[in-house]
Amino acid sequence: MMSLFNVFNVTGSAMSAESVRLNTTSSNLANANSVSSSAAETYKARHPVFAAELNKYSAEQGSSVPVRVAGIVESQKPLRAEYNPEHPMANAEAIFSSPM
């Protein structure tokens, strides 16, 4: 049987992880239409990576396991390059980059 402390520990870690997911999603939405003259400087979407904390709780068979944010990774999707000589962020070749 799971103790009340363990229930709060598991749900608290899940809520904390979801808070990170919401923050990265809101950042992705806020920067979805950002542009840059350089592909290296263009915003790339970020995604949290979650992991179960199995090492700490492997001895307790049948118990729920807390989750943690293992890291945040940048999207590897290619950027959209658009030709527009009138755009203020266009580079010398009249191309600017934006997230897909």
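The values are calculated or read from the model by the stated rules, or taken from the named source; none is laboratory data. The shown structure was predicted, so the numbers you read here are calculated from the model rather than taken from an experiment. Using ideal geometry, Cβ is built from the backbone for each residue, glycine included, and neighbour counts are taken over all protein chains shown.
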I'm checking my understanding of the structure. Among residues of the range 1-18 that are among the hydrophobic types (A, V, I, L, M, F, W, C), surrounded by 12 or more Cβ atoms within 10 Å (Cβ to Cβ) and within 16 Å of the chain's Cα centre (by Cα), which one is farthest from SER98 (Cα to Cα)? ALA14
So which pairs qualify, if the first residue must be in the range 22-45 and within 16 Å of SER97 (Cβ to Cβ), the second must be small (Gly, Ala, Ser) and not in a loop (DSSP other than H, G, I, E, B), the Cβ gap must be under 6 Å, and the two must be at least 6 apart or on different chains? VAL35/SER98; SER36/SER97; ALA39/SER97; THR42/SER36; THR42/SER97
If a residue must be modelled with pLDDT of 85 or more, surrounded by fewer than 16 Cβ atoms within 10 Å (Cβ to Cβ) and part of a loop (DSSP other than H, G, I, E, B), how many such residues does the range 47-77 contain? 3
For the range 19-46, which positions are modelled with pLDDT of 85 or more, surrounded by fewer than 14 Cβ atoms within 10 Å (Cβ to Cβ) and not polar (S, T, N, Q)? LEU22, LEU29, ALA30, ALA32
